[in-house]
1. Filter segment 21-48 down to residues that are among the small types (Gly, Ala, Ser) and open to solvent by less than 90 Å² (accessible area, probe 1.4 Å) and give me whichever is nearest to GLY64 (Cα to Cα).
2. Select from segment 63-82 the residues that are crowded, with 22+ Cβ neighbours inside 10 Å and more than 21 Å from LYS154 (Cα to Cα) and write down the one among them that is nearest to the chain's Cα centre (by Cα).
3. Answer yes or no: is there a residue in segment 39-48 that is under 21 Å from LYS106 (Cβ atoms) and at pLDDT 95 or above.
4. For the condition polar (S, T, N, Q), open to solvent by 40 Å² or more (accessible area, probe 1.4 Å) and over 28 Å from GLY28 (Cβ atoms), what is the one hit in THR179, THR151, THR171?
5. Every residue in segment 146-176 that is closer than 19 Å to ALA95 by Cβ and of a type in the set (Lys, Arg), please.
6. Looking at VAL56, VAL97, can you tell me which residue is at pLDDT 95 or above, within 12 Å of the chain's Cα centre (by Cα) and open to solvent by less than 70 Å² (accessible area, probe 1.4 Å)?
7. List every residue pair whose Cβ atoms sit under 7 Å apart, with the two residues 6 or more apart in sequence or on different chains, where the first one lies in segment 9-23 and is closer than 18 Å to ALA95 by Cβ and the second, anywhere, is open to solvent by 20 Å² or more (accessible area, probe 1.4 Å) and part of a strand (DSSP E or B).
8. Scan segment 102-143 for residues that are open to solvent by 80 Å² or more (accessible area, probe 1.4 Å), without any contact (Cβ under 8 Å) to a residue 40 or more places away in the chain and assigned to a loop (DSSP other than H, G, I, E, B) and report the count.
Amino acid sequence: MRTAIRLPVLVSSNVLLKCTEGQIRIEGPIFTGVVRLGYGDMALFDRRRSKGIWEVKGLVVFKGKAWIGQGTKISVGQTGRIIFGPDFEVTANSAIVSYSEIEFGKKCLLSWDVLIMDTDFHAILNAEGAVINAPKCIKIDDNVWIGCRSTILKGSHVGPGNVIAAGTVVTKKLEGQQTIYGGPEAKILRENITWKQ
């Protein structure tokens, strides 16, 4: 028990540690519970049946406090890397998959049922046999809120202070700052906004 109290990472019993071959690095102040996996109680989900999954063969970096809510799945391939900025939070039941690199700035918030992945998983080859759909990095800048059921795909870059509306699909660099983007093509809905966590 004395050892557990000093642990910087708290893992809920509702998280399946499917693979722990990879590395975890914590940068910044280290204290008990600086990273919390699988905690929280979201009224929309049944806590007893909502299992989180940790499947990490690559590298996960926490640059400060992180709250990864109930039912969230983290999958990092051997060549993959996820970097969580300080004060990162996922509400619940989201999935983050990396075979390249996914980087979050500080104070990012993901709602529920968000999917972020930098890979297509299956290779697509051209006539010469070369892979044409290699994984590509994703960057989410500081103070970004990603709404429920949004999808962020490989090669995406979301600028600082932006809000991604519920159900949005992002597949490119979003140039604006402090802008709300929405819809299947991530179009600008409103500019010069701020939001509070």
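1. Once the filter is applied, the top-ranked residue is GLY28.
2. Among residues in segment 63-82 that are crowded, with 22+ Cβ neighbours inside 10 Å and more than 21 Å from LYS154 (Cα to Cα), the one nearest to the chain's Cα centre (by Cα) is ILE68.
3. no
4. Only one candidate passes the filter, namely THR171.
5. ARG149, LYS154
6. It is VAL97.
7. Once the first residue is closer than 18 Å to ALA95 by Cβ and sits in segment 9-23, its partners that are open to solvent by 20 Å² or more (accessible area, probe 1.4 Å) and part of a strand (DSSP E or B) give SER12/TYR39; LEU16/ILE53; LYS18/ILE53; LYS18/GLU55; CYS19/GLU55; GLY22/LEU59.
8. 7
The values are calculated or read from the model by the stated rules, or taken from the named source; none is laboratory data. The structure displayed is predicted, hence computed values, not measured ones. Note that we place each Cβ from the backbone using ideal geometry, even for glycine, and neighbour counts take in every protein chain shown. Heavy atoms of the whole protein, side chains included, go into the accessibility calculation; ligands, DNA and RNA do not. Shrake-Rupley method; radii C 1.70, N 1.55, O 1.52, S 1.80 Å.
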